[in-house]
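*Asks:* Could you have a look at this structure, given as structure tokens, before my questions?
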Amino acid sequence: MDGSRRLRSARKGLYALVGRGIFAGGATLSSGYKIDLSVAPRPGPASDGSRYVPAFEVQSGPQLVMVYVGSSTCPWANQRSLPEALETIKVRLAAVAREHGMGFKAVGLAVDWLPERGIAHLKRFGHFDEVAAGGGWGGTLALRYLWSDTQVGAATPQVLVYTRVFLAPAEATDPFLYEERERRTRAVKRGFAEIVEWSESRVPLNLSVPGDAQADPASSTLEVVSGEGSFSHQRRHGS
């Protein structure tokens, strides 16, 4: 196959829209959802507990971490109703973390090639504790969250939730290091429809082992739902 044919083939695979709205290497838009590409409003400042506001503190102990994965070029990640749905998820997960005596962090990841476009996309989704943009699917945090765990797919929009034990320098093995231990994926929601439905159902998340009401939050089972309204970057895993 000559160079031009390979390029056309690669583009065809990369920019397709996958059924059920998953932005992935190939593409069809699912029916039932109208794509609205107008700029979504950014959630306003918190005043009544309905908006997430980072604590901006370093505290050792168990943490619940939510990661939003989006892109300025993904139609499903730019639906007008998605920012409010994500805000609901952040607020609810922060409450769940408090109920379990855990800290909480919200992370925004944009898989845009240009950092400024990714940051502009993330600004539509209110406050995060951390953000990362640039480098496309091969960006540093994309490698960490999307490619290092075979249970998590590379898709936009996507919300993944995991627990970890976070140790600040005073409690880490080395007195000058931060440490992350016992990281476990708890939930993965792929696609506009699943994210919105999860937010409307009050973000159920089981942090205990079935049959053990006193179980440690860091030992629950994984919940993975691949839903309508997302775009997935296809990848292969070894058998």
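Each reported figure results from applying straightforward, stated rules to the coordinates on display, with no laboratory input. Just so we're clear, the structure is a prediction, and the values are computed from it rather than from any experiment. Positions of Cβ are generated from backbone atoms using ideal geometry, with glycine treated the same way; all protein chains shown enter the neighbour counts.
*Asks:* Order by neighbour count: Ile119, Ile195, Ile89, fewest other Cβ atoms within 10 Å first, most last.
*Replies:* If I rank by nearby Cβ atoms, fewest first, I get Ile119, Ile89, Ile195.
*Asks:* Going toward the positive end of the dipole of the stretch 62-174, with +1 on Lys and Arg Cβ and -1 on Asp and Glu Cβ, which of Ala154, Ala120, Ala97 do you reach last?
*Replies:* Looking along the dipole axis, the top candidate is Ala120.
*Asks:* Shape verdict for the stretch 105-151, please, from the Cα gyration tensor: rounded (a/c under 1.5), prolate (a/b greater than b/c) or oblate.
*Replies:* Judged from the Cα gyration tensor, the stretch 105-151 comes out oblate (a/c at least 1.5, b/c at or above a/b).
*Asks:* Let me spell out the model: positive unit charges on the Cβ of Lys and Arg, negative unit charges on the Cβ of Asp and Glu, origin at the Cα centre of the stretch 74-183. What dipole size does that give, in debye rounded to 20?
*Replies:* Charge dipole of the stretch 74-183: 380 debye, to the nearest 20.
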